[in-house]
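The values are calculated or read from the model by the stated rules, or taken from the named source; none is laboratory data. Quick caveat: nothing in here was measured; it's all calculated off a predicted structure. Every residue, glycine as well, gets a Cβ built from its backbone with ideal geometry; the counts of neighbours run over all protein chains shown. Side chains are part of the model used for accessible areas, which takes the heavy atoms of the whole protein and leaves out ligands, DNA and RNA. Shrake-Rupley method; radii C 1.70, N 1.55, O 1.52, S 1.80 Å.
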Amino acid sequence: LSYNIHHANPPSKKNVIDIDAIARVIIESKADIVALQEVDQFTKRSGNASQIQLIAEKAGLKYYHFFKAINYDGGDYGIAILSKYPFEQPTSIPLPQKNTAEERILALVKISVNKMPFIFANTHLDATGNPANREVQMQEILKTFEKETLPVILCGDLNSVAGTAAINLLDTQFKRTCLANCEGTIPETNPNRTIDYIAVKNWGWPLVKHQVIAESYASDHRPLMATFNLKP
């Protein structure tokens, strides 16, 4: 599951934090591994709480890690990975910029399912109007995985639609789980654009299903889910 959670603030409720709503989405999805973007960690606006810890506990996902992108409102702000399976080697890689903007990162962990190891990665690319930052950030992501021999799942809010430079670059090394007639992921009501993605590299397991979950309350993005058959 890849989900930009808008710091657990439902767009229809200004200044309200609803962790239960995010946890409910994850529970109902039955996702085994989750990539979250726009996560607060000990910020004032979120009640000085660890959002990732609360979400993990409520959703019943035992393993989790928060990856800081920036300082924010007395705490930290970034992305997170949650998993039903134990993982190791949590790594945060800063992403470059051409024009000064909010700092962004690539997060990755190593997970084994049925004794088959792979890399699970999460990112949130620049959101400014100029696509130059997203292009150099995607170049850095591809450079990171250029010589990787393990299978890789890359999830994230890429703030880019198909046909833009960032997605064209992604397609040179990864295969997106949907390539044509893809459901939109934003806005949350009547979504008409796809900017959230799941893509794979060195991947031999069949894709069973690609789905945008029809959730319009919890965040300003809809959750994106891909199901793979990892049976040996």
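Residues in the stretch 105-113: is at least one hydroxyl-bearing (Ser, Thr, Tyr) and open to solvent by 30 Å² or more (accessible area, probe 1.4 Å)? So that I can check it myself, show each step before the final result.
Keep residues of the stretch 105-113 that are hydroxyl-bearing (Ser, Thr, Tyr), which gives 112.
Those still in the list that are open to solvent by 30 Å² or more (accessible area, probe 1.4 Å) too: 112.
Yes, there is a match, as at least one residue in the stretch 105-113 is hydroxyl-bearing (Ser, Thr, Tyr) and open to solvent by 30 Å² or more (accessible area, probe 1.4 Å).
For the stretch 101-127, a residue qualifies if it is outside any loop (DSSP other than H, G, I, E, B) and either among the aromatic types (Phe, Trp, Tyr) or at positive phi (or both), and the qualifying residues are PHE118, PHE120.
Restricting the stretch 135-158 to residues that are of a type in the set (Val, Ile, Thr) and over 14 Å from LEU95 (Cα atoms), which is surrounded by the fewest Cβ atoms within 10 Å (Cβ to Cβ)? I'd like the intermediate steps shown before the answer.
Of all residues in the stretch 135-158, those of a type in the set (Val, Ile, Thr) come to 136, 141, 144, 149, 152-153.
Still in the running and over 14 Å from LEU95 (Cα atoms): 149, 152-153.
Working: THR149: 6, VAL152: 20, ILE153: 23.
Result: THR149.
Considering the stretch 174-216, and only residues there that are surrounded by 14 or more Cβ atoms within 10 Å (Cβ to Cβ) and polar (S, T, N, Q), the residue that is farthest from SER160 (Cα to Cα) turns out to be ASN202. Of all residues in the stretch 215-232, those satisfying the criterion of being out of contact with any Pro (no Cβ under 9 Å at 6 or more places or on another chain) and among the hydrophobic types (A, V, I, L, M, F, W, C) are LEU224, MET225, ALA226, LEU230. Does the stretch 82-89 include one or more residues that are closer than 22 Å to ILE153 by Cα, without any contact (Cβ under 8 Å) to a residue 24 or more places away in the chain and within 17 Å of the chain's Cα centre (by Cα)? So far as the stretch 82-89 goes, no, none of its residues is closer than 22 Å to ILE153 by Cα, without any contact (Cβ under 8 Å) to a residue 24 or more places away in the chain and within 17 Å of the chain's Cα centre (by Cα).
Looking at the stretch 37-60, which of its residues are of a type in the set (A, V, I, L, M, F, W, C) and touching a helix residue (DSSP H, G or I) at 6+ places or on another chain (Cβ under 7 Å)?
Keep residues of the stretch 37-60 that are of a type in the set (A, V, I, L, M, F, W, C), which gives 39, 42, 49, 52, 54-56, 59.
Correct list: VAL39, LEU54, ILE55, ALA59.
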